[in-house]
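Novice: Just dropping this structure here.
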Amino acid sequence: MQGFEFNTVRRIVNGGGSALQLAEECQRLGVARPLLVTDPGLVAIGLVGPVARALEDDGLAPVLFDQVREDPPEATVLAAAECGRRAEVDGVIAVGGGSSMDVAKVVAVLLGGHQPLAELYGVGNVAGARLPLVLVPTTAGTGSEVTPVAVITTGETTKAGVSSPVLLPDVAVLDADLTLGLPPVVTAMTGVDAMVHAIEAYTSRHQKNPLSDNLARQALVLLSRNIRIAVHDGNNREAREAMLLGACLAGQAFANAPVAAVHALAYPLGGHYHLPHGLTNSLVLPSVLEFNAPAACELYAELAELVTGEPVSGGAEARTGVLIDALRTLIDDVALPPTLEKAGVDEGDLEMLAEDAMLQQRLLVNNPRDVAYDDALAIYRAAYRGAS
Ligand SMILES: NC(=O)c1ccc[n+]([C@@H]2O[C@H](COP(=O)([O-])OP(=O)(O)OC[C@H]3O[C@@H](n4cnc5c(N)ncnc54)[C@H](O)[C@@H]3O)[C@@H](O)[C@H]2O)c1
Ligand SMILES: [Fe+2]
C-alpha cells in the first residue's frame, strides 16, 4: 500500500438540538464573544434567532453578521472581518451553508493572524493563527465544515480558494433540525454536490487512501438512500440526519482525496451562468463519468450497488453503466434539469466553457483520465444533449 496522509477536524458533534448547545463548545475554546456569521435568508426563516438566544442564555455575547451572499465575494469577507474587529470578538461561529462557513473560515484567519486577504489565496499560504472556529452547516452539501478550503468569489466569473489546514475548524456541529426547512431544490442540488464529492474522492488519482475510500462509500450509501426522501418529504428527520452526516463524511473524504473533472467542468458553468454549485456538478456528472469509464470503470463498478441499493451483476463496464443510469434517474427523481440545454446554457458557449475548464488544472490532475480541451468540449456537448 502507498503511504498516505489524512487530516480532519479534531471534534465533530452530531445530534438534533446540538446547535442550541454551542455555548458549551465556546466555553471549551475560551470564547465569550463570538462573531456569528450567517446569511439574511436564514435569519428571515427564524433559524438563527434561537441559536443566538441560546448562546446569550448561557452567558455569551454573540455579535451577529448576517450579510453573507451566496458565492460570497471578497467584499462580504472584508465586511464580516470589519464587523468582528470593531466588536472585538474572540471567536467565530458560522451557521449556514458553504457560503457562510467559507466566510467564517477566512474571517477567523483575518482576525486571528496578521495577513491581508490577498496573501491567503492558494495552497498552504496561511501562516498565522486564527480565532477559535465553530462551523454549523445548514445545507447537506459542501462538507465545508470538515474541509481545509474556503471558496471566495474574486471577480465577475472567477472564484479563488484558500486551502490550508488552519481552516479546519475546532468543532463541526451537525444538527439536522436546522436542515428540516431546506427547500426541495436546494436539498437536491446540495445533495448531489455531496454525492459528487464522494464519487470523485473514490476515483481521485493521487491521494485516495483506505480512509477516504471508506468515508466515500459510507457517504454514498447514506446520500443515495436518502436524497429522494429529503427532497420530497423535507420534514423526515431520519433522512435529513443521514444527508447531513453523508455530506460531512464525503467532505472528509474529498478533503484528503481531492475532487476532479466533474468540479473542473462545473466551475465555468457557475462562473458564466451563476448557476448554483451543486446544479453545475449534477449537469456534467453523467457525461464526465462516461468519459472517465475507460480509466475508472473498476472503481465505478464498486460504487454501483451502493447507489442502487441492490446487488449489481456483470463486468466492470456493465456495472459502470448501471451506476451512470442510476445517477441519471436520481437526478431526474429529484427534479434537477437533465441537460445543459434545459438549464439554459447556450450551445454557442461550449467552446468558451471548455477553454475555461482547462484552467482548472489543480482539479484536473486528480482525474482518473487525462482531460484535454477536445475532451472537455466533447463532455460539454454530451451534457448539452443528454443521454442518447
Ligand atoms: N469550502 C468547501 O470545501 C466548499 C466545497 C464546495 C463548495 N463550496 C462553496 O460553498 C458555497 C455553496 O454553499 P451551499 O451549497 O451550502 O449553499 P449557500 O450557503 O450558498 O446557501 C444557498 C441558499 O440556501 C439557503 N439555505 C441554506 N440553508 C438553509 C436551510 N436550512 N433552510 C432554508 N434555506 C437554507 C441560503 O439562505 C441560501 O440562500 C459556494 O460558494 C461554493 O463555492 C465550498
Ligand atoms: Fe462541490
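The values are calculated or read from the model by the stated rules, or taken from the named source; none is laboratory data. As the structure is a computational prediction, the values presented were derived from the model and not from experiment. Ideal geometry is used to build each Cβ from the backbone, glycine not excepted, and the neighbour counts take in all protein chains shown. The protein model used for the area step is the full one, side chains on, heavy atoms only, and it has no ligands, DNA or RNA in it. Shrake-Rupley method; radii C 1.70, N 1.55, O 1.52, S 1.80 Å.
Novice: Write down the percent of antiparallel bridges among all DSSP beta bridges whose residues are both part of the chain, to the nearest 5.
Specialist: If we restrict to bridges inside the chain, about 20 percent are antiparallel.
Novice: Further question on the same structure: Sort all Cα-Cα distances of the stretch 17-148 into consecutive 10 angstrom bins from zero, then give the percent of pairs in each bin up to the one containing the longest distance.
Specialist: So the P(r) values, bin by bin, are 13, 48, 33, 5.
Novice: Whole angstrom only: what separates the Cα centroid of the stretch 158-201 from the Cα centroid of the stretch 238-263?
Specialist: 7
Novice: Also, I was wondering about something else. Give me the distance between the Cα centres of the stretch 29-55 and the stretch 116-134, rounded to whole Å.
Specialist: 23
Novice: Of the peptides 281-288, 201-208, how do they stack up when ordered by the mean number of other Cβ atoms within 10 Å, highest first?
Specialist: 281-288, 201-208
Novice: Can you tell me the FRET efficiency between Arg225 and Ala127 if r is taken as the Cβ-Cβ distance and R0 is 30 Å, rounded to the nearest 0.05?
Specialist: So the FRET efficiency works out to roughly 0.10.
Novice: Give me the distance in nm between label points sitting 7 Å out from Cα along the Cα-to-Cβ direction at Glu119 and Ala318, one decimal.
Specialist: 6.0
Novice: Before I look further, what does the chain give for accessible area per residue, probe 1.4 Å, in whole square angstrom?
Specialist: Value returned for the chain: 40 Å² of accessible area per residue.
Novice: Hey, another quick one. Using a basic spin-label model with each label point 7 Å from the Cα along Cα→Cβ, how many nm lie between Ala160 and Met352?
Specialist: Roughly 2.3 nm, to one decimal.
Novice: Rounded to the nearest 500 deg cm²/dmol, what is the calculated helix-only ellipticity per residue at 222 nm for the chain, with -39500 (n - 2.57) per DSSP H run of length n ≥ 4?
Specialist: Calculated from helices alone, the mean residue ellipticity at 222 nm is -16500 deg cm²/dmol.
Novice: I would also like to ask the following. Kindly rank 253-264, 325-336, 24-35, 182-193 from highest to lowest mean number of other beta carbons found within 10 Å of each residue.
Specialist: For the peptides 253-264, 325-336, 24-35, 182-193, the packing ranking is 253-264, 182-193, 24-35, 325-336.
Novice: Related question: Enumerate the lysines that Lys105 could reach by cross-link, defined here as Cα to Cα under 24 Å, with residues fewer than 8 away along the same chain left out.
Specialist: Lys159
Novice: Here is a further query. Tally up the carbon and sulfur contribution to the accessible surface of the chain as a whole percent, 1.4 Å probe, everything protein left in place.
Specialist: Solvent-exposed carbon and sulfur of the chain make up 50 percent of the total.
Novice: Starting from 0.36 nm per residue, how many nanometres of slack lie between Asp233 and Asp325 once their C-alpha separation is accounted for?
Specialist: Stretched fully, the Asp233-Asp325 segment lengthens by 30.7 nm.
Novice: A follow-up question, please. Quick check: the distance between the Cα centres of the stretch 85-110 and the stretch 274-295, to the nearest angstrom?
Specialist: 31
Novice: Given a Förster distance of 35 Å, report the FRET efficiency between Gln27 and Ala295 from their Cβ-Cβ distance, rounded to the nearest 0.05.
Specialist: 0.10
Novice: Mind ranking 154-162, 73-81 by how tightly packed they are, going by the mean number of other C-beta atoms within 10 angstrom, highest first?
Specialist: Final packing ranking: 73-81, 154-162.
Novice: Under a Cβ-only charge scheme (Lys and Arg +1, Asp and Glu -1), can you give me the dipole magnitude of the stretch 179-293 about the Cα centre, in debye to the nearest 20?
Specialist: 100
Novice: At 7 Å along the Cα-to-beta-carbon direction for both Leu78 and Val365, put a label point, then send me their distance in nm to one decimal.
Specialist: So the label points at Leu78 and Val365 sit 3.1 nm apart.
Novice: Check the straight Cα-Cα distances from Lys342 and name the aspartates and glutamates below 17 Å, setting aside those fewer than 8 residues away within the same chain.
Specialist: Within the straight-line cut-off, Lys342 pairs with Asp332, Asp333.
Novice: Right, here's the next one. Percent of Cα-Cα pairs per 5 Å bin, from 0 to the last occupied bin, for the stretch 276-388, please list those.
Specialist: 2, 12, 21, 23, 20, 15, 6, 2, 0
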